[in-house]
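K.L.:
First, the structure itself, so that you have it in front of you.
The values are calculated or read from the model by the stated rules, or taken from the named source; none is laboratory data. Since we're looking at a predicted model, the values are computed, not measured. Cβ coordinates were reconstructed from backbone atoms using ideal geometry, including for glycine residues, and neighbour counts include every protein chain displayed.
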Amino acid sequence: MSAEITPILSPETSPTLLSQKLGWIPTWIVGRRYYAAVPPADTALFCERQPDNPHDADAIAVYVPGGGQAGHLPRHDAAYLAPLVDRGIVRLEARLAGPDDPDNRTPIRLEVWAAEQVADLAGRSADTTEAVWHHQLLGLWQNRARYTHTALDAFRDEMRPLFHAGGLWPETQLFYRLLKGTVADGVAAAEQARQEELKRKAEEAERRLAEQLAECRTAIACKPCGPLLPFGHLSVLPLRAVRPTGVMPLASAIREGTAAITCRTETDSLCKLQMRVEQGHCVLAVQHEVLDTTLGRVRVLHDSVFAPELVEKELLYVVKAERGSSKRRKPVFMADAVMPEPALPELPQEATGFALFRGAKPLEIVLFAHPDCAVAALPLLCMRSWHLKPATPEPSAAEAFAAIQPIFLDTAFNINPPHISFTDSAPGINGVAMVLNNGLVYLRVEIKEDDAREKKPICVN
């Protein structure tokens, strides 16, 4: 109920209630099929008694302003409201509450307003069960603000058989029915609060996601740090991570004793190595990095990060380099046109990664937190078709960097801390990155040559 409604305390307070809305009752306009008037939305409908109605002496008709009769109030409402209207205790207005239901009833909010004799709602001087019930309901209605809508609704459920049985005063039945409107207001307020809370949480989640997105883009950012370097008919643009995290390359960590590896299992080709890293250190093994071990030369299968705070014990999967070399892509030439495999480019000392180009088209980006990791990743170039001629002229270093900038600034990716996935988030782009402590550990992105220049709007899931 609205806060401005004055409660009925005694007959002396009645003058303050004149022109005050006591509350509202959810009900219907019935008998619509017998009348031509159509009730408009957002317009107050008039309710008038029809004591001479041959079908119901308690009938209360509903009229459209300037449009004739639209129907009647239901009999069960008219039965207790008619005496109150006739005695000048209340007056009625109605407003549409929704479209017609399947029974051709029009839902309305029946507003109950105080009239000249509203003080009579305070009750009669009687020593009867009906009087007791009336004053119980009067007190409850006056103090309805103390109770939740769920408590009031539960009370109505328990009392419903009594009130539907009849015998109670019309004014008592009015309070019982007004409680239904109070419950409906409470439900609406609770739903509004729920929707506002959902909106607040959604906005907060969106804000956190935007912050997370910005942090990730800052973490994976890079800058060029040298001219384009040739590799056959490909070219390599040296890159430097702007915000690298503190990681040690695997080979350096093993040499310094920060990390140790032991053989867990061994087959003819695949080996599982147990990694142990000292507390407070983070070690990165680069995909296809070759290590000289007591097992022989082995090659790392995947980019792998080891740190006690991430995973206490972890396995490093490697293959024996001699057996794995057969899977390497080898170019085929005419016997008299053999091209020697080019030497791997020499990256600048500060370079922590590079971007690979065929002409002006980017093919791949690898970026790490440490320069030694970038050097360890260079042999991957040999798996590319370095012997094919580019379709477009070679760009400048500035043009090459501009070609890959949208991947860092605009391309969509999915965030699953500490990983960032470019797979299935943008057409023609696949890859993954790892970010720890708001700094880059590694990034690998491949761009399909046919889709190298296609972009997709930002969409983070």
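K.L.:
Select from the range 103-136 the residues that are touching a Lys or Arg at 6+ places or on another chain (Cβ under 7 Å) and over 16 Å from residue 89 (Cβ atoms) and list them in ascending order.
P.N.:
Within the range 103-136, 104, 106, 108, 109, 131 meet the criteria.
K.L.:
Follow-up. With respect to the numbered conditions (1) surrounded by 13 or more Cβ atoms within 10 Å (Cβ to Cβ); (2) modelled with pLDDT of 85 or more; (3) not in a loop (DSSP other than H, G, I, E, B), which one is the sole condition not fulfilled by residue 347?
P.N.:
It fails just one condition, (3).
K.L.:
What is the residue count in the range 95-111 for residues that are touching a residue at least 60 places away in the same chain (Cβ under 8 Å), in a strand (DSSP E or B) and of a type in the set (A, V, I, L, M)?
P.N.:
So the answer is 2.
K.L.:
Taking the conditions exactly as written (within 24 Å of the chain's Cα centre (by Cα) and hydroxyl-bearing (Ser, Thr, Tyr)), does residue 258 satisfy them or not?
P.N.:
no
K.L.:
Being within 30 Å of residue 302 (Cβ to Cβ), more than 27 Å from the chain's Cα centre (by Cα) and at pLDDT below 95: is that true of residue 236 here?
P.N.:
no
K.L.:
Would you check which residues across the range 259-286 are touching a Ser or Thr at 6+ places or on another chain (Cβ under 8 Å) and part of a loop (DSSP other than H, G, I, E, B) and list them?
P.N.:
Of everything in the range 259-286, those that are touching a Ser or Thr at 6+ places or on another chain (Cβ under 8 Å) and part of a loop (DSSP other than H, G, I, E, B) turn out to be 278, 281, 282.
K.L.:
Mind listing whichever residues of the range 208-250 are touching an Asp or Glu at 6+ places or on another chain (Cβ under 7 Å) and not hydroxyl-bearing (Ser, Thr, Tyr)?
P.N.:
Filtering the range 208-250 for residues touching an Asp or Glu at 6+ places or on another chain (Cβ under 7 Å) gives 225, 228, 235, 240, 249-250.
Scanning the range 208-250 gives 225, 228, 240, 249, 250.
K.L.:
If a residue must be outside any helix (DSSP H, G or I) and crowded, with 17+ Cβ neighbours inside 10 Å, how many such residues does the range 79-94 contain?
P.N.:
6
K.L.:
Could you run through the range 417-430 and say how many residues are on the phi < 0 side of the Ramachandran plot and over 23 Å from the mean Cα position of the chain (by Cα)?
P.N.:
Of the residues in that region, 3 qualify.
K.L.:
Related question: Identify the residue in the range 58-68 that is in contact (Cβ under 8 Å) with a residue 24 or more places away in the chain and not β-branched (Val, Ile, Thr) and, among all such residues, is farthest from residue 84 (Cα to Cα).
P.N.:
67
K.L.:
Would you check which residues across the range 41-50 are surrounded by 13 or more Cβ atoms within 10 Å (Cβ to Cβ) and either among the acidic types (Asp, Glu) or closer than 18 Å to residue 101 by Cα (or both) and list them?
P.N.:
Result: 48, single match.
K.L.:
Looking at the range 362-396 only, could you name the residues that are of a type in the set (D, E, K, R) and closer than 13 Å to residue 233 by Cα? Write out each step before concluding.
P.N.:
Initially, the range 362-396 is screened for residues of a type in the set (D, E, K, R), giving 364, 372, 384, 389, 394.
Listed by number, the residues that qualify are 384, 389, 394.
K.L.:
In addition: When the range 391-405 is examined, which residues are found to be loosely packed, with under 15 Cβ neighbours inside 10 Å and assigned to a loop (DSSP other than H, G, I, E, B)?
P.N.:
Those that are loosely packed, with under 15 Cβ neighbours inside 10 Å and assigned to a loop (DSSP other than H, G, I, E, B): 391, 392, 393, 396.
K.L.:
While we're on this one: Six or more apart or on different chains, Cβ under 8 Å: which pairs go from a residue in the range 202-221 that's within 30 Å of residue 370 (Cβ to Cβ) to one that's assigned to a helix (DSSP H, G or I)? Could you list them?
P.N.:
Matching pairs, first to second residue: 217/408; 217/409; 220/408; 221/408.
K.L.:
Can you give me the number of residues within the range 43-78 that are under 52 Å from the mean Cα position of the chain (by Cα) and assigned to a strand (DSSP E or B)?
P.N.:
Final tally of qualifying residues: 14.
Conditions tested, residue by residue: (1) within 30 Å of residue 42 (Cα to Cα); (2) in contact with a Ser or Thr (Cβ under 8 Å, 6 or more places away or on another chain).
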{"residue": "103", "(1), (2)": "yes, no"}
{"residue": "122", "(1), (2)": "no, yes"}
{"residue": "129", "(1), (2)": "no, no"}
{"residue": "134", "(1), (2)": "no, yes"}
{"residue": "137", "(1), (2)": "no, yes"}
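K.L.:
So which of 187, 183, 132 ends up being assigned to a helix (DSSP H, G or I) and under 23 Å from residue 87 (Cα atoms)?
P.N.:
Residue meeting the stated conditions: 132.
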